[in-house]
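First up is the structure itself, then whatever we jot down about it.
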Amino acid sequence: MQKLLDRLNDLFEQVPTAVRPYRWLITLIFVGISILMATGISKHFTINMAPEAWYPKGADTIVIRDAYRRLFGSDDNVYIVYQPKSGDVFSEQALRDIAELHQDLEDASLQAEPNELSRIIKIDSLYNARYQISDGDTLISKKLIGADFPNSAEEREQRRAIAITQDSFSRMFFSNDFRYGGISLKTNIGAVPKQTLVTDNTQSTDLLQDDAFGFGLEIDSPLEVEANAETNDVEFIGVQLDEYMHFMAALHEVIDQDKYSNFDFYLVGNSVTMEFIMNGVFEAAGLILMMVLLIVILLWALFRSLSAVLWSLLVVIFAGFWAIGAGAWLGVSYTTMMTLTVMLVLAVGIASCVHILSAYTLFCRQGADHQGAMTKAYRKTGLPILLTSLTTAVGMLSLTLTDMPVIQVFGATSAMAVIFSFILIFTILPCALDLWHPKLRGSQQTKQQGKKPLIDLQPLMIWIGDFTERRSKTIVISYLVIFIAMCIGAINLKIDSNSAMMAREETPLRQSLKIVDEEMMGGMSLEVLTRFGSADALKDPRVLKAADELQQHIAANYADKVIKTFSLANVVKDTNSVLNNNDEQYRVIPDDPRLTAQLLYMFNNANPTDRRETVNDDYSSSHISIMLRNGGTYEYTAFFKELKQDMLRIYEPLRADYPNMRVELTGTFNLAVELMDHIAWTQLKSFSFVLIIITVLMIISLGSPQAGAISMIPNILPGIFTFGLMGWLGIPLDGDTLIVAPIIIGIAVDDTIHFLTHYRASWIEHGDVGIAVRQTLSEVGQAVAFTSLVLGLGFAILIFASYLGLAKPGLFGSLAILVALLSDLLFLPALMHWLKPNMGRDKVLKLANEQAAAS
Amino acid sequence: MKKLTLLSTAASIALLNLALNSAALANEENAQLIMEKMDEQQRLVSDGSLTRSQLSTCKFGQKDKQINCVETPRVKILESVSKQYGPDKKDSKGVSILLEPASERGIGMLTYNYDDPNRDTESWLYLSALGKVKRMASGTGEDSEPVSVFGSEFTTEDMESGNTNEYDYKILQQGPFGDREVWVIEAIPKPVRAVKTEYSKLLYWVDKERYTLLKAQTYDKRGKPYKQLTFKNIEKINELWIARDVTLINLQSQRLSNMKTEAITTNVAVEDEFLTQRTLTDFAYREKTLEALRKYFQ
């Protein structure tokens, strides 16, 4: 092994000299590949921001969700809460305003396409809410406001009194204290079929030509059953994040008009959350640009030459560009995770460049000429760069073993980007540095030999060398104490993702969620899809009673999460009571199947649209809607599990009569919770897996199990410290932070590899810890500090993001980088001083002696 | 009565043809006259009639451009009696009783429609399992939304006659349609209608000779194709042209309904007492009267 490492060192040393005669050929190849990748991007690059992209094809969750959408349409709705200035939704002004707003929204939704608001297919508010009451022998079913506007105070109070009697109205259309009102917008988002059966023939100039059925179809014997005929709803068009944004912008155009200034609006729903996340993506792009800008400034400040900035960026940008181009050629569809690939290659690529540049300038300052400094720099840094690239690439490749396509693509693209960055560092970078390089002068050198560095860390490194020798035990013990404390903290760490809570406290989304959860019907919803595989099952009183039992169980046991539930059972119970003169005793599911069938007949006749939203046409499938307060995966994953057990317990006795029965949990919120939880655990697992792989690689590359084991301490310290701190502060670990975690660990690992590779080489050479530590700090310490400074500050910029999914990784990422830096500069030298690990030196010396004897 | 009706029909058709040939009349006026004439024919059919219809509904699919059910259709069988009232016989009373399916047998609906737009439609529902008649009050004008006819894709709006003054009509085209000569007429709801209709536009294919519909298309409020109706088995019964097979495909719900007139008799004497709530609840009375009328079934 040692032989191989020595050979590699020799090889890397020769790189700058070897590539020099071929610099034009290398440049030509570089340009050629770049053109090839640009062609790939321009021709085949696709970006898919639909949430479905996260699931493998045919995933159960999506299959059930689509089955629901085929039966009952989209559950991706917007809920608008309004707060009238008058303080009462039944005040004259508030009622007039809501009537106008309702009409405005309806008119806007009916405008010809292209029209973003044509996604709204149904609007429900106090204006059109249809109530049902019995008055003697008359069954009254009217709109609460509609065309019959209540002009007098007395009339308005009468409407309020009617509204109170309607179970389904409270918290849906008004809060208990009438200060807030609600408008529900049912959309077709995610339920638009990919293909339609008909083409409009109205454009046809000859209406007589079409002597068949019209719309391009024929109908001879329609009632004959052709089970293989194609239906319209095989697959739905996926919805991209930006579409939510356009939809929300169009909606804001309507509600933000001056005439509705009497209302304060609070919007919730998946579209609102998606709009927020999309804004987060834009913000991320902006912040990454700022990160790059900061890196540019720091690189310039460290090396006092634009060449350092330009060549480092050249490596990073083209590595990322090539990787994305290669992916495009391979037919990969990208997601927002692409931003993370960019961040990763930025971190790893810049770090490697800083190490080379730092070594190069150091040797120049020590008096070496350009070629000599280049040779030495590549010898000293080549192997660690190979190792860091290899560990990062392997770590990223391990992500392809997960079951999520998005993570697989991210892993593969990032691995490619890291490899490309390595290739560029050893081909185009030496050519570029020959052309133009930074010139920093040493303390003994003259102005002509270069610029004075703005930041000179060498004195600090010397001090650290002395300090860690003096206080080695104190440092190691302090670290151990902190490590144990943080381990305890990490035990208490909750894994909890909640995309809506990624908004900061003061943002409209958070305020809306608070109001909707406290005053109205809750910001989230869930569906229990019940399919019995047998026509008229939903007319069976036992089936309706099962739904009722589940709803009552939910109300009794999960009141902290669930605000309301609704199902066909409510319809039957309400209608039964209304037909029996509003007698509460009749608010039950009747035992007579004929009566339930006729009560449902009435419901269907009165409102086929509502019926179709509640139960399918042959009454074989229905759903129970559960309105919930917003919450995170930690709380809701457990709740969903309990709920599934309740569903099983209550419905299972029906299986004898309905052997094909399926009772499943679905809905956008269920999907989001499942997905976020799955991402978090997948990432945590891959994270642990990556650490094991890296340890193995370190053992091999450092040529000693002891060295490998030591290397893991500074590698896991940043993670343990960050997670422990989060645990102590009660901040949950969310999916977003976990996604960024591999990047942070990557940076931490890279610095450790550089430090330990140098240290071991020096230790083997001198056999003196003091010399080895000082030499390592002098040659690598500065570069490690530089990379940590550049990347730590870069990550710190993200703290300013309003999307906490970005701000939290920003804060904890920069903290982890700082901890990693302190571990490399303080803990590792102190540990070496105290323990003086052999790190395979004896073996190497023995081998060398044997070789000497043999020769 | 029959003679008088036929005479008046013949006379009015002659007058209408005269009017249509007159160059002085604008296209819109012609279209209005045609629709009124057709509407009058419909009223004649429902004045003293008994029908037994089979109403089948299913989800549809397409294979080689052919529309077919993709599941077993849900079938309902009902008997309906109707009669026209008022000075111009523009008001109507009707009663429908469900015979099948078994779970819904005996459900009955009694409806009074008035030509006067200020007068509400009156209706009573009888649920046999509950044994109670309930008067239904569902608001007027824009508050009264079209509802489904016995759970099918047909709505009350698709079935209603009259209200020809609530649309602007225009002849789009005329000529041979299959083996019949037709006018293709476009109907756009006037504001008074717009607030209570589900449609933004309707197209009618009207048989020039018989004044019956061969086809109709409706468009939703966004102007997208919504429903398509086709009229088949058009037979002359008691000198009146009647389509005995009407299929409606709802392109948005992906469901079709077919209404087959299994048996019909028109222009029979229906006593006023029969078109009251008594028919809904008094099974013996109802059966006795219907039995007498069924003798005229064709």
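Hydropathy first: keep DSSP H helices in chain B averaging at least 0.5 on Kyte-Doolittle, then drop any whose Cα extent along the axis falls short of 18 Å, and list what survives. Counting only whole DSSP H runs, the qualifying helices are B:2-21.
The fewest-to-most ranking of A:His102, A:His246 by surrounding Cβ atoms within 10 Å reads A:His246, A:His102. Per-residue shielding of B:215-222, expressed as the average number of other chain Cβ atoms within 10 Å of the residue Cβ, stands at 4. Taking a point 7 Å from the Cα of A:Asp6 along the Cα-to-Cβ direction, the residues of the stretch A:826-855 with backbone N closer than 14 Å to it are A:841-855. Exposed loop sites, defined as GluC sites (Glu not before Pro) outside DSSP H, G, I, E and B with at most 14 other Cβ atoms within 10 Å, are absent from the longest region of chain A, namely A:507-855. When peptides A:67-80, A:453-466 are sorted by average Cβ neighbour count within 10 Å, with the highest value leading, the order is A:67-80, A:453-466. Using the Kirkwood radius over Cα pairs, work out the Stokes-Einstein diffusion coefficient for the stretch B:46-85 at 20 °C and 1.002 mPa s, in µm²/s as a whole number. Stokes-Einstein gives a translational diffusion coefficient of 173 µm²/s. The mean sequence separation of alpha-carbon pairs under 8 Å and at least six residues apart, normalised by the residue count of the stretch A:106-166, gives a relative contact order of 22 percent. Under conditions of 4 °C and 1.567 mPa s, the stretch A:1-102 yields 59 µm² s⁻¹ as its translational diffusion coefficient, taking Rh as the Kirkwood radius over Cα pairs in the Stokes-Einstein equation. FRET efficiency for the pair A:Ile47 and A:Lys514, taken as 1/(1 + (r/R0)^6) with r the Cβ-Cβ distance and R0 = 35 Å, rounds to 0.55. Distance from the Cα centroid of the stretch A:638-711 to that of the stretch A:569-632 is 37 Å (rounded to whole angstrom).
Structural descriptor for the stretch B:2-294: relative contact order 18 percent, calculated from alpha carbon pairs under 8 angstrom and at least 6 residues apart. In terms of overall dimensions, chain B has a Cα radius of gyration and Dmax of 19.3, 61 angstrom. Cβ crowding within 10 Å ranks A:Trp436, A:Trp681 as A:Trp436, A:Trp681, fewest other Cβ atoms first. The modelled label-to-label distance between B:Val268 and A:Asp592, using points 7 Å beyond Cα along the C-beta direction, is 3.0 nm. For the stretch A:735-800, dividing the convex hull volume of the Cα atoms by the residue count gives 73 Å³ per residue.
Between A:Val63 and A:Glu106, the distance separating the two model label sites (each 7 Å from Cα on the Cα→Cβ line) works out to 4.2 nm. The alpha-carbon positions of the stretch B:227-291 define a convex hull whose volume is 136 Å³ per residue. If you wrap the Cα atoms of the stretch A:701-855 in a convex hull and average its projected area over all directions, you get 10.1 nm². Across the stretch A:627-714, C-alpha contacts under 8 Å between residues 6 or more apart give a mean separation that, scaled by the residue count, equals a relative contact order of 24 percent.
Across all directions, the shadow cast by the convex hull of the stretch A:66-109 built on its C-alpha atoms averages 4.2 square nanometres. Dividing the summed -39500 (n - 2.57) terms of all DSSP H runs of n ≥ 4 by the residue count of chain A sets its mean residue ellipticity at 222 nm at -20500 deg cm²/dmol. Residue farthest toward the positive end of the dipole of the stretch A:1-116, with Cβ of Lys/Arg at +1 and Asp/Glu at -1: which of A:Phe72, A:Pro84, A:Val19? Looking along the dipole axis, the top candidate is A:Val19. Take each residue of peptide B:146-156, count the partner chain Cβ atoms within 10 Å of its Cβ, and average: the result is 3. Considering all C-alpha pairs of the protein assembly as shown, those separated by over 57 Å amount to 35%. Could you estimate the translational diffusion coefficient of the stretch A:516-666 from the Stokes-Einstein equation, with Rh from the Kirkwood formula over C-alpha pairs, at 20 °C and 1.002 mPa s, in whole µm²/s? Calculated translational D: 134 µm²/s.
Averaging Cα coordinates gives a centre for the stretch A:481-511 and one for the stretch A:28-59; these two points are 34 Å apart. Listed by chain and number, the lysines whose C-alpha is less than 18 Å from the C-alpha of A:Lys259, apart from same-chain residues fewer than 8 away, are A:Lys85. Beyond 31 Å between alpha-carbons counts as too far, so tell me which of A:Lys539/B:Lys134; A:Lys644/B:Lys221; A:Lys439/A:Lys843 fall in that bin. Pairs exceeding the cut-off: A:Lys644/B:Lys221; A:Lys439/A:Lys843. Fewest-first ordering of A:Phe566, A:Phe174 by other beta carbons within 10 Å of each residue's beta carbon gives A:Phe566, A:Phe174. Placing unit charges on each Cβ (+1 for Lys and Arg, -1 for Asp and Glu) gives the stretch A:516-666 a dipole about its Cα centre, and among A:Leu579, A:Met647, A:Leu600 the Cα reaching farthest toward its positive end belongs to A:Met647. Computed from the C-beta positions of A:Gln93 and A:Trp463 and an R0 of 45 Å, the FRET efficiency is 0.05 to the nearest 0.05. Selection among B:Ile188, B:Gln41, B:Ile107 by position relative to the dipole of the stretch B:2-294 gives B:Ile107 as farthest towards the positive end (Cβ unit charges, Cα centre). Across the stretch B:118-208, Cα-Cα pairs more than 20 Å apart make up 51 percent of the total.
Computed over all pairs of different Cα atoms, the Kirkwood value for the hydrodynamic radius of the stretch A:418-472 is 14.5 Å.
Projected label points at A:Ala854 and B:Glu209, each 7 Å from Cα along the beta carbon direction, are separated by 11.1 nanometres.
Take each residue of peptide A:590-602, count the partner chain Cβ atoms within 10 Å of its Cβ, and average: the result is 5.
Looking at the protein assembly as shown alone, DSSP beta bridges between its own residues are antiparallel in about 95 percent of cases.
FYI, it's all coordinate maths here, none of it is from the lab. Because the structure is a prediction, the values reported are computed rather than measured. Please note: Cβ atoms are built from the backbone with ideal geometry, for glycine as well, and neighbour counts cover all protein chains shown.
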